[in-house]
Amino acid sequence: MGKPDTRRVDREITKTQKKLEAVRRGEWWPLTGRERRDMFRAMAGGARSLHQGHSTGRAETRMDSIGSSVEMRLNAELTALYGERQRIVTEHAQAKAKNKSSGWW
């Protein structure tokens with residue numbers, strides 16, 4: 001029995017970590033279509049307010065809240081992936097212990 005096969009989960013963890021870092025830098029590529037649409041809508045509302053000579057505070061707040069909800073979603077995905085990885089490792093350890101305990105005696 002070799003090591004547990006966690007390559008797929010590790011790859012997904014790395015991908016999600018990269019997405020989370022990109023969101024923290026303010027990049028939009030990790031956003032889903034709905035999140036992107038909400039972000040554009042907030043930007044358009046802010047531009048309209050600015051054009052009319054009003055403050056853009058509400059639009060900025062909305063964009064910040066969308067960004068934080070994306071971060072929360074990605075953190076939840078990351079937590080689930082870490083849990084999945086731990087489950088795979090635990091199952092592998094249990095199977096290995098079972099094989100060891102059923103020796104030839």
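Of all accessible surface on the range 8-48 at a 1.4 Å probe, what whole percent is carbon and sulfur? Intermediate results must be reported in sequence, preceding the final value.
Values: 1450 of 2810 Å².
Solvent-exposed carbon and sulfur of the range 8-48 make up 52 percent of the total.
Entry note, the chain: relative contact order of 39 percent, from Cα contacts under 8 Å with a spacing of 6+ residues. Running Debye on the range 9-68 with equal point scatterers at the Cα sites and no solvent, what base-10 log of I(q)/I(0) appears at q = 0.18, 0.22, 0.24 Å⁻¹? Debye output, listed in q order: -0.66, -0.85, -0.94.
Other residues whose C-beta falls under 13 angstrom from the C-beta of Arg85 contribute a net charge of -1, scoring Lys and Arg +1 and Asp and Glu -1. On full extension, the segment bounded by Lys18 and Ala47 gains 7.4 nm, given 0.36 nm per residue less the C-alpha separation. Counting lysine pairs in the chain whose alpha carbons fall under 23 angstrom apart, excluding pairs fewer than 8 residues apart on the same chain, gives 4. If you plug the beta carbon distance of Ala76 and Arg7 into 1/(1 + (r/R0)^6) with R0 = 25 Å, you get a FRET efficiency near 0.65. For the chain, the Stokes-Einstein estimate of translational diffusion at 37 °C and a viscosity of 0.692 mPa s comes to 194 µm²/s, using the Kirkwood hydrodynamic radius over alpha-carbon pairs.
The values are calculated or read from the model by the stated rules, or taken from the named source; none is laboratory data. Model, not experiment: these values are computed from the prediction. Note: ideal-geometry Cβ built from the backbone for every residue, glycine included; neighbour counts use all protein chains shown. Ligands, DNA and RNA are stripped out before the accessible areas are found, and what is left, the full protein with its side chains, is counted by its heavy atoms. Shrake-Rupley method; radii C 1.70, N 1.55, O 1.52, S 1.80 Å.
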